[in-house]
Amino acid sequence: MDPHTNTAKEKKTTKTKSFRANARILHRFNSTGNNFLDKLEKYAKDRSAENLSYVGRSAYRVLRVKHVLHHHKLWNVSSGIPIGSMLQTPQNSIFSSTNDPSERHSDWFPEKMLEIMGRTKVWCDIMSLTIPDGIFLDKLIEGLSTIVENAKNAEKPVVIRILVGNIIGAPARCTYLVKKLTKNLSEDANIHRWVGAWRKGVSWNHAKLIAVDGRYLLQGGHNLWDAHYLKNNPVHDLSMEMEGRITHDGHLFANSQWRYIRRKQLTRCGYVIDRFIPDAVLVPWKSRVTVTEYPVNKASEFPPIYNADLVPKYEKPSGSVPTLSLGRYGRLTFGRPSDDAFIAMFGSAKTIIRLSIQDLGPVCVPKTQIALPGCTWPKPYLNALAEAIWDRDVKVEIVVSNPGSVPGGLNPLEANYGNGWSCVDCAAEIIKRIQKEFKNNVDDVALRTKVENNLRICYIRHAGKNVYDDGKSIGNHSKFLCIDNIASYTGSQNLYVCDLAEWGVLIDDKSETEKILEDYWNPLWEASFIETDCDVQKVMDSLQINRDGEPVNKFLPGGKKKLDDAAKMASVRRVLV
């Protein structure tokens, strides 16, 4: 019998189950007498939301109404406790230093990964943009060995799912990673491990997390790249360690991506291409999935799907605070929950919004300030910031990467942090949204006052310097936002337009957020802010500049090709990081 006959049936069964699940939800809405939104909110109600601040509630409300079908997949109200200080590379002492980071300045970070992995008893999920290299790979191998030791007396094999993105022009090498990870493992190791990768159009995994047994979590912005973080001229980045129920959400976020890999590979095209063409080979198809299992002939072809009943139960850790997990899948599904949550949180701000990000503007043609065709500024975010500044007199502080920052002796085609826009460009685009949204009530004098008093944007610096000793600029890869000093997000999602799969955590607690500000934001802002980065006159003089890329209609001849070429250029330069 043709094995594909069975796989096609499995695919049909999976789709049927998904359709029936959605139909049951919609039937619940239609079977009650309340209006549709009331039914929707009732279905998605979360008892834990009672403890949220007005910032968390603003996100929760929009998630309940717009993204009910993504509840427990891409968002959830939960709890957890941040462990120790924020995981910053280089560490925050660099902000007060005029010297470059010392040798081995951030080798502790891969060690922290090893520590988290070493706690695994039942289930470990690892997600990153690409497969690790250098010390990161060494520590992943060491962590796997520790898990094998832990699993010796386990009743069932320990599950390890490693998921990365299959970037256009840079295919994932899952088979290579499997060989590296299993080189010194005995054949009777009591583990089942899968390495998978996916791409759908210009979407792929961009989340970075390690989730262990529904309890221990490391997540944030760090990719697992030795030269970017551990060598000379490192790019700045931010992650955090947590313990508690929020970890379940990290596992659940991975599930749908593994389901897509399975579903895609069970198609006729996937059966031929994704199974039999080596994963290191470039293919011209818009979508590509790969998966490699270990041990072959013992582990199933595809990994199991996580649920909380599969891992040990534990008491809620003392000191746990309210959290919101926020994610999106890009083109894998409809809706972008985390995007809407960010907009809602900006809309809830009463006093101040703080952002530490790589950039706000789109990817540019190399060595220019010309956006790639079809690439635009993130208008929904800018509208929310503009409204906060103009309507509610909220202050906005933003730290961005110095344009074109290249770490570790790499070249700009290997790494490029900062899409090419200046602080003046970013400020002008926000102010232009004020003009557009409030055009009947805006005059130049009032607008200038708002720029002077409410909008401060600067490049990241060390003790006032924005370059390393060799003259190379300092990069920022953090994805951090804070609202009114009471709620803060750390995760993988950039604010410039880029439709990747993302995940992060909102800490919705004033006390914990103040600790994070003291540990991370305050040293960063004190070292970085210089008023001249965002010169008011230059901002006002540049409001007429069109900084969006050439408009492209993907339905016209040549339009789709332009968009694909732009995506390839962006991914080859590794700016979608």
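The values are calculated or read from the model by the stated rules, or taken from the named source; none is laboratory data. As the structure is a prediction and not an experimental result, all values here were calculated from the model. So basically every Cβ, Gly included, is an ideal-geometry build from the backbone, and we count neighbours across all protein chains shown.
Details
- The residue that is modelled with the highest pLDDT, counting only those in the range 267-290 that are touching a Lys or Arg at 6+ places or on another chain (Cβ under 8 Å) and either over 22 Å from Tyr176 (Cα atoms) or outside any helix (DSSP H, G or I) (or both), is Val289.
- Checking the range 240-255 against the condition returns a match, with at least one residue being crowded, with 20+ Cβ neighbours inside 10 Å and closer than 30 Å to Asn99 by Cα.
- Residue among Asp533, Asp444, Asp541, Asp470 that is of a type in the set (Asp, Glu), assigned by TED's automatic domain parsing to the domain that holds Thr351 and buried (at least 16 other Cβ atoms within 10 Å of the Cβ): Asp533
- Breaking point among (1) in contact with a helix residue (DSSP H, G or I) (Cβ under 7 Å, 6 or more places away or on another chain); (2) modelled with pLDDT under 95; (3) not assigned by TED's automatic domain parsing to the domain that holds Ser473, for Ile305: (2)
- Conditions (1) within 30 Å of Leu332 (Cα to Cα); (2) surrounded by 16 or more Cβ atoms within 10 Å (Cβ to Cβ); (3) not small (Gly, Ala, Ser): number failed by Asp425: (1)
- Which numbered condition Gln219 fails, given (1) at pLDDT 95 or above; (2) out of contact with any helix residue (DSSP H, G or I) (no Cβ under 7 Å at 6 or more places or on another chain); (3) of a type outside the set (D, E, K, R): (2)
- Members of the range 159-183 found to be touching a residue at least 60 places away in the same chain (Cβ under 8 Å) and under 22 Å from the mean Cα position of the chain (by Cα), listed by number: Arg161, Leu163, Gly165, Asn166, Ile167, Ile168, Gly169, Ala170, Pro171, Ala172, Arg173, Cys174
- Within the range 430-473, being under 30 Å from Ser96 (Cβ atoms), charged (D, E, K, R) and in contact with a helix residue (DSSP H, G or I) (Cβ under 6 Å, 6 or more places away or on another chain) holds for Glu452, Arg461.
- Scope the range 84-106; condition of a type in the set (A, V, I, L, M) and either under 22 Å from the mean Cα position of the chain (by Cα) or assigned by TED's automatic domain parsing to the domain that holds Tyr229 (or both); matching residues: Met86, Leu87
- For the range 491-516, residues that are free of Cβ contacts under 8 Å to residues at least 40 places away in the same chain and either buried (at least 19 other Cβ atoms within 10 Å of the Cβ) or of a type in the set (S, T, N, Q) (or both) total 1.
- Restricted to the range 366-391, and to residues there that are touching a strand residue (DSSP E or B) at 6+ places or on another chain (Cβ under 9 Å) and in contact (Cβ under 8 Å) with a residue 60 or more places away in the chain, the residue that is surrounded by the fewest Cβ atoms within 10 Å (Cβ to Cβ) is Ile370.
- The range 332-372, subset charged (D, E, K, R) and modelled with pLDDT of 95 or more, residue nearest to Ser58 (Cα to Cα): Asp340
Residues are listed down the side, and each one gets a yes or a no for (1) surrounded by 13 or more Cβ atoms within 10 Å (Cβ to Cβ); (2) basic (Lys, Arg); (3) outside the structural domain of Ala386 (by TED's automatic domain parsing):
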{"site": "Ile261", "(1), (2), (3)": "yes, no, yes"}
{"site": "Arg288", "(1), (2), (3)": "yes, yes, yes"}
{"site": "Thr292", "(1), (2), (3)": "yes, no, yes"}
{"site": "Ala299", "(1), (2), (3)": "yes, no, yes"}
{"site": "Gly330", "(1), (2), (3)": "yes, no, no"}
{"site": "Ser338", "(1), (2), (3)": "yes, no, no"}
{"site": "Ala349", "(1), (2), (3)": "yes, no, no"}
